[in-house]
1. Of all residues in region 384-417, count the ones that are part of a loop (DSSP other than H, G, I, E, B) and either over 20 Å from I69 (Cα atoms) or without any contact (Cβ under 8 Å) to a residue 12 or more places away in the chain (or both).
2. Of the residues D233, D246, which is under 17 Å from the mean Cα position of the chain (by Cα) and either in a loop (DSSP other than H, G, I, E, B) or hydroxyl-bearing (S, T, Y) (or both)?
3. Suppose we keep only residues that are touching a helix residue (DSSP H, G or I) at 6+ places or on another chain (Cβ under 7 Å) and over 12 Å from F213 (Cβ atoms) within region 63-93. Which one would you say is modelled with the lowest pLDDT?
4. Would you be able to say whether some residue in region 24-43 is under 30 Å from S363 (Cβ atoms), in contact (Cβ under 8 Å) with a residue 12 or more places away in the chain and surrounded by 16 or more Cβ atoms within 10 Å (Cβ to Cβ)?
5. Scan (1) under 28 Å from V71 (Cβ atoms); (2) in contact with a helix residue (DSSP H, G or I) (Cβ under 9 Å, 6 or more places away or on another chain); (3) of a type outside the set (G, A, S) for the single condition D285 breaks and write down its number.
6. How many residues are exposed (fewer than 14 other Cβ atoms within 10 Å of the Cβ) and in a helix (DSSP H, G or I) when one looks only at region 146-179?
7. Select from region 314-340 the residues that are closer than 16 Å to R449 by Cα and among the basic types (K, R) and list them in ascending order.
8. Kindly indicate whether T259 is surrounded by fewer than 22 Cβ atoms within 10 Å (Cβ to Cβ) and either out of contact with any helix residue (DSSP H, G or I) (no Cβ under 9 Å at 6 or more places or on another chain) or of a type in the set (S, T, N, Q) (or both).
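The values are calculated or read from the model by the stated rules, or taken from the named source; none is laboratory data. These numbers were taken from a predicted model, which means no experiment stands behind them. Heads up, the Cβs are rebuilt from the backbone with ideal geometry, glycines too, and the neighbour counts pull from every protein chain shown.
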Amino acid sequence: MAGETINEVELMMPELRGPGGDMAAQMRLMYDLVKAPLIVPVLRLAVYVCLTMSMMLFVERLYMGIVIILVKIFCGKPEKRYKWEPMREDYEIGTSVFPSVLIQIPMFNEKEVYKISIGAVCNFAWPSDRLVVQVLDDSTDHNIKEMVEKECLRWASKGINITYQTRVTRGGYKAGALKEGLTHDYVQDCEYVAIFDADFRPEPDFLLRSIPFLIHNPEIALIQARWRFVNADECLLTRMQEMSLDYHFKVEQEVGSSTHAFFGFNGTGGIWRIAAINEAGGWKDRTTVEDMDLAVRAGLKGWKFLYLGDLHVKSELPSTFKAFRFQQHRWSCGPANLFRKMFIEIVRNKRVNVWKKVYVIYSFFLVRKITAHMVTFFFYCVVLPLTILVPEVEVPKWGAIYIPCIITILNSVGTPRSIHLLFYWILFENVMSFHRTKATLIGLLEFKRANEWVVTEKLGDAINNNNKSNSKPAPKKSKSMFRDRVFTENHFRILASFLSSSPAARRYMQMAKWPNEFSSFYALEDAWFQIYYVYQNNVKTFSIGGSELFIPPRLFLNKNNAFSNLILYCF
């Protein structure tokens, strides 16, 4: 045997050897051996599990749709379900008829938007002697701190009772700031606290329309307003966010408020009864969703919540994918982590009835916060594509086509004006399902990033203001017909998918020696859709192969972006 070489094929069992020792044939034989006893049963089990989760989500969406219809027909506005009387100043006793209200504005390095929320709350139609504005600044930039403090002093000189508060450390992040803000002596006489993030801009009558519900209904602990978005039309990214959030507010929050008087506090744009906060144990920083944590604990104490769909608060959507991804990580990881921490507490609670506990555990947490993310990723992005490779595993047509279509249609009712973007929204949600599923698993298993907190970047009107002097007034866009919008955008999506996946496009990329990152279907498709962003914003001078290029600043394309690398390579 010395000096002899042993062929690897000879070491294999005879039944695994392919003709002529071909490696591809050997791998095919090995695959056929494990396919029937292992791959097919596992994949079939995955299909059953995913179909079960899909049915759970379908039933939940159908249930919420039915509830919304019944609420609109029979229940009417909240003023009919709860006692509400307008606030009027009594000429004999003066402004004492108005309760003292604390306004908290937490912020962290909010250079571009800090004036927005401060100015909005200081213009509330509420007696100044019954209003306390508290700016909780955790900024690490000293220049920004000085600017925020000067803004507070400016409003104080106008007679507004406004205070500027800072902390030595950022312990507990937003929850820590809100908790410490309630401990100061000057807020002890306040009965209610309204919370607004730095980019929120409530209307002057916000308190006049919401506080009466708390005054005349002592069982109500929370009033939540609906978010509206000032930059929803900025780009496709913000349009996609608007579609998801509109459904959340119009349907999910309304259903929770109308059926069990319970829903998750959105962290801003709401008013709390301070007594309810104290009874629930105050703000806790054990998760990244301190708002939902407080709402669940207060709900388990028997307090009721009310959602006001006609009370709008303007805010800003993340306009960069990086900021949006970090926000979605927090919004997906936090609820899963909170569910892990509070499951036993909810089950053992004796202050609320069984149906409310079932609603909180099953509908609120299990289906909406966990199953919705996982079924989108595992079923539509993993299991269904695998069944194409393994034809022995069949997926029923109702599970692969009908149920997903109905769920998608039900999700689109929140934003009728964006119905023509539904196809792209489906692709967008499938891509984001990977990030949300990963964050959900991190929260459930309480991995290292479970308590990661990244403040969402807010840009306000900074870009528009910086470029106002150098820009010409944009021509007014003509209102396009629904047919034109659907055809134009869907044709572009087909073109983008073709250019991203066709062998001819790949061969051309190799001949042109494009950067390696464009060898990926998703990277190239992302580049084409960013070109579509420019098209969507009516930029006529843009071209890939020309000598002149103009990109609107609000697109925020940087050198690390795939599309920017393409531009740098071409020019």
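1. Of the residues in region 384-417, 7 are part of a loop (DSSP other than H, G, I, E, B) and either over 20 Å from I69 (Cα atoms) or without any contact (Cβ under 8 Å) to a residue 12 or more places away in the chain (or both).
2. D233
3. Only one residue tops the list, namely D90.
4. Yes: one or more hits.
5. Every listed condition holds for D285 apart from (1).
6. Matching residues across region 146-179 total 3.
7. Of everything in region 314-340, those that are closer than 16 Å to R449 by Cα and among the basic types (K, R) turn out to be R325, R330, R340.
8. Yes.
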